[in-house]
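This report concerns only the one structure given below.
The values are calculated or read from the model by the stated rules, or taken from the named source; none is laboratory data. Remember, it's a predicted structure, so these values are computed and weren't measured experimentally. Counting neighbours? That spans all protein chains shown, and the Cβs are built from the backbone with ideal geometry, glycine included. In case anyone asks, the SASA skips ligands and DNA or RNA and just uses the protein heavy atoms, side chains included. Shrake-Rupley method; radii C 1.70, N 1.55, O 1.52, S 1.80 Å.
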Amino acid sequence: MLRYVTTNPGKVREAERYLPDGSVERLDFDYTEIQADGLGPIAAQGAREAYRHADAPVLVDDAGLFVEGLDGFPGPYSSYVEETLGVERVHEIAADLDDRRAAFRCTLGYCDGDGFAATPDPVDRGDRDAAAAAGPDGEAGCGDGDADADAGPLPVKLFEGYVPGRIVAPRGDGGFGYDPIFEHDGETFAEMDTERKNAVSHRGRALEKFAEWFADR
Ligand SMILES: O=P(O)(O)OP(=O)(O)OP(=O)(O)OC[C@H]1O[C@@H](n2cnc3c(O)ncnc32)[C@H](O)[C@@H]1O
């Protein structure tokens, strides 16, 4: 049984649509979010820690909002910023910017304690650049840059998803987190139902890639 590791029930609602019934259960485990410029090292480290905790295959979901006019902030710090400033303040700050383009990014980290061929290159190619398209998926193994001597060489397979949009005044009651202030194609994510958000979202894209790979393994 695969454990979807998150403290955020909103993520699980979206993820369930991509994973076969009965093949996954939520693990409410608050893994350590290391400080890093990109989501890849955070997801990789989190997956290793969660795997050690669960002793079962795990999928960790690290996501963030990257505002172009703020050089990608809050990015990997999105959770902290939501808790401290709050979503409406982020909109107020962005309202003063000329460039309100933004992107959501999601990196999924899968670890089952088994070996993938570990590659030395991390997938972190600069999540700060909100305009850059998500690149190919990668594997983070030994020497993947998330330097934690205790983490050991457990290989982690990473999957990325990206969606462009812009920051707007809050609209809509659905979704979670920054959804009310993130507009894509004329609608905020909070105005979309789960199915519609999944069809375009960063998480949907990453989950689609994961689900395909997982089924074909
Ligand atoms: O780490 P876990 O336990 O999964 O839960 P979290 O909510 O802290 O998850 P992240 O660190 O990945 O999320 C960073 C922030 O981005 C927000 N976020 C993530 N995905 C989102 C989405 O699809 N829509 C809106 N906000 C999102 C989320 O609410 C956090 O404030």
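Of the listed residues His202, His184, the order by accessible area with a 1.4 Å probe, largest first, is His184, His202.
Surface composition of region 26-73: carbon plus sulfur atoms hold 42% of the accessible area, using a 1.4 angstrom probe and ignoring ligands, DNA and RNA. Projected onto planes of every orientation and averaged, the convex hull of the alpha-carbon atoms in region 55-99 covers 4.0 nm².
Surface calculation, 1.4 Å probe, protein heavy atoms: Phe176 sits at approximately 50 Å² accessible.
Ordered from largest to smallest accessible area (heavy atoms of protein chains, 1.4 Å probe), the residues Arg166, Arg48 come out as Arg166, Arg48. In summary, region 164-207 shows an alpha-carbon radius of gyration equal to 1.01 times the 2.2 N^0.38 Å reference for compact globular proteins. At the listed q of 0.31 Å⁻¹, the Debye profile of region 30-84, built from one uniform point per Cα, gives log10 I(q)/I(0) equal to -1.21.
Highest mean first, the peptides 38-44, 23-29 sorted by other C-beta atoms within 10 Å per residue fall in the order 38-44, 23-29. Under conditions of 25 °C and 0.890 mPa s, region 9-48 yields 206 µm² s⁻¹ as its translational diffusion coefficient, taking Rh as the Kirkwood radius over Cα pairs in the Stokes-Einstein equation.
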